[in-house]
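Have a look at the structure below before the remarks.
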Amino acid sequence: MTYRLDKITIRLKNDEAGINKINELFEDIVSGKIPLIHDSNGKLIEGISPISEYSNYESDETGNYDLSVIAADKEFIFHLEKLADEGVFKKYIAKGADVNEAAIKAWNQVWNDDEIQRTFDKDYESTVPDFLTKDGKAHCYLYIGI
């Protein structure tokens with residue numbers, strides 16, 4: 001019997017221990033140790049991408065929150081795009097040499113945006129590694145609830 005998860009959630013904070021938990025979680029997902037984008041036999045599932053969902057904020061970005069990694073299909077991403085077009089989310093895009101650099105650049109845009117009124121309800125992040133892009137750079141797309 002094979003199986004796969006649809007979502008995995010951890011509770012953390014934006015500190016060194018929290019960042020280490022995030023890195024470990026993504027290593028386990030990408031390697032197939034956690035069957036989110038792979039099935040339980042280690043086979044990569046086509047058409048599925050890991051999307052991070054930030055929710056259940058204790059306060060703001062300085063407090064505890066839930067990070068859920070969702071096995072998302074293209075329809076989920078199209079839905080996020082539609083909600084961004086409708087003004088539910090503000091979209092931020094950044095490129096980098098690797099996924100960490102792209103994500104840091106995108107989050108810095110959010111943290112330096114003095115005009116945004118964040119809801120701290122739900123935010124989403126889609127990070128695409130450099131080997132999957134046409135320009136050879138990693139891309140990070142953030143959808144921040146406003």
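Key figures
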read-out	value
Number of positions in the stretch 134-143 that are surrounded by 13 or more Cβ atoms within 10 Å (Cβ to Cβ), closer than 25 Å to LYS82 by Cβ and of a type outside the set (Gly, Ala, Ser)	5
Leading residue by the ranking (surrounded by the most Cβ atoms within 10 Å (Cβ to Cβ)) among those in the stretch 1-34 that are out of contact with any strand residue (DSSP E or B) (no Cβ under 9 Å at 6 or more places or on another chain) and over 28 Å from THR62 (Cα atoms)	LYS33
Residue check, ASP66 within 15 Å of the chain's Cα centre (by Cα), in contact (Cβ under 8 Å) with a residue 40 or more places away in the chain and exposed (fewer than 15 other Cβ atoms within 10 Å of the Cβ)	no
The stretch 74-95 - residue that is among the charged types (D, E, K, R) and closer than 24 Å to LYS137 by Cβ and, of those, modelled with the lowest pLDDT	LYS74
Some residue of the stretch 106-115 being touching a residue at least 60 places away in the same chain (Cβ under 8 Å) and among the small types (Gly, Ala, Ser)	no
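The values are calculated or read from the model by the stated rules, or taken from the named source; none is laboratory data. Quick caveat, the model's predicted, so the values are computed rather than measured. Reconstructed Cβ throughout: ideal geometry from the backbone, glycine too, with neighbour counts over all protein chains shown.
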